[in-house]
């Protein structure tokens with residue numbers, strides 16, 4: 001009885017540690033499939049018009065890796081430091097110019113879903129351009145004070161530090 005009790009106690013302990021380690025998880029987002037389909041059509045039209053040959057992520061995000069980087073690949077709970085520029089795909093207007101400044105953005109899992117999906121595609125020192133459907137950005141609410149209208153598809157050029 002003693003050995004079995006110890007084995008079960010150890011197993012229970014391991015399950016508890018694995019399942020309760022921290023609150024960071026891989027991104028798994030619920031999206032409006034109809035809006036996503038509409039967003040993808042617009043993004044693909046933009047990419048074709050601009051002659052951009054982007055990769056397609058299973059989520060629907062399009063991206064181009066300019067430089068993969070040589071550091072570690074970020075995970076959900078990692079703090080993200082990046083320089084970036086954000087533009088509206090609809091008209092090219094810049095809503096987030098950061099002029100090359102490195103910003104501490106917080107944990108990856110606190111950022112918009114498009115970044116949570118796209119940032120781990122590169123390593124520290126990498127540069128990526130993300131073409132993010134609105135459902136993985138600011139959605140139907142947008143961010144009016146930040147210059148982002150409802151259902152805006154976004155382009156981010158990101159340099160990860």
Residue check for residue 114: touching a helix residue (DSSP H, G or I) at 6+ places or on another chain (Cβ under 7 Å), within 14 Å of residue 29 (Cβ to Cβ) and modelled with pLDDT of 95 or more: yes
Tally of residues being surrounded by 15 or more Cβ atoms within 10 Å (Cβ to Cβ), touching a residue at least 40 places away in the same chain (Cβ under 8 Å), assigned to a loop (DSSP other than H, G, I, E, B) and touching a strand residue (DSSP E or B) at 6+ places or on another chain (Cβ under 7 Å) across region 97-146: 3
Top-ranked residue of region 85-96 - restricted to ones that are under 16 Å from the mean Cα position of the chain (by Cα) and within 15 Å of residue 133 (Cα to Cα), ranked as surrounded by the fewest Cβ atoms within 10 Å (Cβ to Cβ): 87
In region 42-54, the residues that are under 12 Å from residue 132 (Cα atoms) and free of Cβ contacts under 8 Å to residues at least 24 places away in the same chain: 44
Criterion violated by residue 106 - all others in (1) modelled with pLDDT under 95; (2) on the phi > 0 side of the Ramachandran plot satisfied: (1)
Residue 7 vs. criteria modelled with pLDDT of 50 or more and either touching a strand residue (DSSP E or B) at 6+ places or on another chain (Cβ under 9 Å) or part of a helix (DSSP H, G or I) (or both): no
Single unsatisfied condition, residue 77 versus (1) under 19 Å from residue 148 (Cα atoms); (2) surrounded by fewer than 15 Cβ atoms within 10 Å (Cβ to Cβ); (3) in contact with a helix residue (DSSP H, G or I) (Cβ under 7 Å, 6 or more places away or on another chain): (1)
Residue list for region 149-161, filter: touching a helix residue (DSSP H, G or I) at 6+ places or on another chain (Cβ under 9 Å) and surrounded by fewer than 20 Cβ atoms within 10 Å (Cβ to Cβ): 150
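The values are calculated or read from the model by the stated rules, or taken from the named source; none is laboratory data. Everything numeric in this text was worked out from a predicted model, so none of it was measured. Virtual Cβ from ideal backbone geometry, glycine too; neighbours counted across all protein chains shown.
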